[in-house]
Structures are given as C-alpha cells and as structure tokens.
1. Using 7 Å Cα-to-Cβ label points, what is the Arg115/Arg36 separation (nm, one decimal)?
2. Restricting to lysine pairs 8 or more places apart or on different chains, what number in the chain have Cα atoms under 14 Å apart?
3. Starting from the Cα gyration tensor of the chain, multiply each eigenvalue by 5, take the square root, and state the resulting semi-axes largest first in whole Å.
4. Among Arg152, Arg72, what is the fewest-to-most ranking by other Cβ atoms within 10 Å?
5. Between Glu170 and Thr209, with labels modelled 7 Å along Cα→Cβ, what's the label distance in nm to one decimal, could you check?
6. Mind jotting down the three principal axis lengths of the stretch 88-217 based on Cα atoms? Whole angstrom, largest first.
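Nothing in this text is a laboratory measurement; each read-out follows from the coordinates by a stated rule. Given the structure is predicted, the values throughout are model-derived calculations rather than measurements. As a convention, Cβ positions derive from the backbone with ideal geometry for all residues, glycine included, and neighbour counts pool all protein chains shown.
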Amino acid sequence: MSIQPKPYDPQGSGSPGKRQEPGRDYSFEDYLAAERECIDAKHEYVAGHVFAMTGASFNHNLIALNVASELRQQLKARPCTVLSSDMRLRVQTTDACAYPAVVVLCDKPAFHDGRKDVLTDATLVAEVLSPSTEGYDRGGKFAIYRGLPGLRQYLLIAQDRLAIDVFTREPDGRWLLEAYTDPEAVIPCDPISCTLTLGEIYDKVEFETEATRPALP
C-alpha cells in the first residue's frame, strides 16, 4: 500500500499525534508494511499518523556514533547490545514506532515479528536534539518511550552546545532528571553499568558560532 506521510513537524503541531488538518489514520501494520518497502526515506508512526523524518546533520550523526561507540566498547564482554538509528522501536502501549538515535538492550531481544527488524523494548534510549524536534523529544516522545516496560534511562543530547539531560527511572517508577554541561563531567549510566563523559560524546564536534553562521539573505 502507499502511505502519504505528513511532514515531521512536531513543533508546529504540538505533537506528531495532533495534526492541524484532517488525514487518514493508518494501522501500525499498514505503516510497517509500507515502511519496509521504503528505500529512500524513514518515517515514524504515532497513533495512526505517519511522519516523514528529515535528514540528520553532521553533528547529529557524529554525536550518535560517539555515544554508540563508547557504550559498545564498554559492553563488548557483557550481554548487552548497542544499536543505531536504523533500528525501529515499537511501543505497544502508546501505539508508536520510532527510530531512536541510540538504543541499548540488556535483555534478550524481543521483536514485533519474525522479520526481527522491529524491537519492542529497550533498556536505554538516547536522542540527539535538533531545533525542530527538541520540544517533542523532551515532551511527547519521552511520554511515548516511558511506555516501554524495560526502559531505565533516557538521554537527551544537544548538538549545538555542551548539554546533556539524563532521565533515570527510580525503583518507585519516578523519573529523576540530571543535567550536565561541564566538559569534564562524567555521566553515570547506572542501568547498564557504564559511564560517559561529555568529552567523549562531543569528540570532534564543532559548534557553530556567530563567525561561522551563514548570513541570512
């Protein structure tokens, strides 16, 4: 089947599940069948609506790779798996499917079906923030991910400055926020028994300054 996605614009619509104009609602199976056939774009799914994802910036890709590489190195001898943004993550309780920047799974992988291209749980999820999606990643998307039964930590990483917010699920179910901006800061990823430093995460990342920012026409 053919699906006509809406532009991925969470800031403009409040959240991907709320569109300003009416449109067809798709089942998750409709979305997944079309997504598996799509070779030149990726889309996310939220409660019947499909949203086209825009291409990631150089800094976004570099940060995601740095995080995945550091975690993989620390987890090589342990029964945990680190995956990148090409892995779909299905959240059954919120009827959503996303492509997180980084996923860590420390249990036996659980898949949506025999194709094994859609995970249904994760231990840690990291997203790299962009101006168009930051509000949604902090709000609506975090609410979606909280529906994952095994999720213990959620990282939000800025790509235009040194800033990382870490949400950790406490034993009583509450989420504790810790913010890091010190270049020497060590970030404890206790649910997977790892640590990250801002220096490692932002290795080779160059931030745009007034001098390097393109002039407006």
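1. 0.3
2. Summing the qualifying lysine pairs gives 4.
3. Output for the chain: semi-axes of 27, 23, 16 Å.
4. In order of increasing Cβ crowding within 10 Å: Arg72, Arg152.
5. Placing both labels 7 Å beyond Cα along the Cβ direction yields 4.2 nm.
6. Principal-axis extents of the Cα atoms in the stretch 88-217, largest first: 51, 35, 25 Å.
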